[in-house]
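First up is the structure itself, then whatever we jot down about it.
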Amino acid sequence: MELTDNSLIHSQLNGELSKLHLDERLQALLSYIDCDTLADIGCDHGKISLGAILSRKAKFVVAADISKSCLEKAITLANNFNLRDKIKFFVSNGFQSITRKVDQAVIAGMGGIEITKIMSHENCPSRLILAPHSKCDILREHISCNNYRIVCDNIVKSQKKFYPVIVLEKSSHKPCYCSSELMYGKNLPQSPYFIEMLLEQKGKLEKILLENKNENIAKNLAMVMELLKF
Ligand SMILES: C[S@@+](CC[C@H](N)C(=O)[O-])C[C@H]1O[C@@H](n2cnc3c(N)ncnc32)[C@H](O)[C@@H]1O
């Protein structure tokens, strides 16, 4: 077989992809990418950028991080995989220093408030793949005040931990979240991990309430119970 043979190139790419050792969270994020040019904001290790190229989910990636030392990790990884011509690197606060137009963006592994700031930039594309690690309710409130269609708002389990994944597309409608959904998400499309996450949260909150009667914790528990009813 010649090197130009598509099947050989694809199997080589798949082999390289497996060397990235992507966990379930990163695999879930990759599964939502499909574009020519992707922005990986807060790229850090660079696995999302490289994974997108190696899985052929994106043809080109703009990888950005606010921290030069974090970006250097991604550059080293791209060099190791011989992918420097497929990824352009920027030290950038969100989209601020990115000049190239992108079709989709992954903004993952940072707090919900930081994500809302990044997605408010004028260069932010119309399809977003988000993975907030805190303040998800504030992020969802921001989403509900803006024109988006929710493609996905559910939970991924990776190494015994639960992670929210939210995928949005610009639309003419504002999405609607009730207060318990603002906190925990919509379970859209349905994931078995959503119930598992709620049950774990229920146990944690009940334990806290036994030790300390706190009104906010009681309210939070009521939200979890409401979602578990469905
Ligand atoms: C925990 S890492 C997440 C890495 C990767 N995105 C993931 O989800 O596995 C968060 C990264 O976001 C970067 N970061 C935080 N705020 C940022 C901002 N406003 N703009 C660009 N990068 C940011 C941090 O420097 C850090 O490298």
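The values are calculated or read from the model by the stated rules, or taken from the named source; none is laboratory data. The model shown is predicted, which means the values in this text are computed figures rather than measured ones. Here the Cβ is made from the backbone with ideal geometry for all residues, glycine too, and neighbour counts use every protein chain on show.
Worth pointing out:
- Among all residues of segment 173-184, there is none that is charged (D, E, K, R), buried (at least 16 other Cβ atoms within 10 Å of the Cβ) and touching a residue at least 60 places away in the same chain (Cβ under 8 Å).
- Residue check for Ala63: buried (at least 19 other Cβ atoms within 10 Å of the Cβ), in contact with a Ser or Thr (Cβ under 9 Å, 6 or more places away or on another chain) and either of a type outside the set (Gly, Ala, Ser) or in a helix (DSSP H, G or I) (or both): no
- Subset of segment 24-54 [in a loop (DSSP other than H, G, I, E, B) and either closer than 22 Å to Glu72 by Cα or within 11 Å of the ligand (Cβ to nearest atom) (or both)]: Gly42, Cys43, Asp44, His45, Gly46
- Pairs with Cβ under 7 Å, 6+ apart, first in segment 106-126 and under 16 Å from Tyr148 (Cβ atoms), second at pLDDT 95 or above and of a type in the set (Lys, Arg): Gly112/Lys135; Ser126/Lys170
- All strands (runs of 3 or more DSSP E) inside segment 72-177 with 1 or more residues being within 11 Å of the ligand (Cβ to nearest atom), at pLDDT 95 or above and not small (Gly, Ala, Ser): 87-91, 104-110, 127-132, 161-170
- Whenever a residue of segment 149-162 is within 16 Å of Gly109 (Cβ to Cβ), its partners that are of a type in the set (Val, Ile, Thr), lying with C-beta atoms within less than 6 angstrom and at least six residues away or across chains, give the pairs Val156/Val165; Phe162/Ile155.
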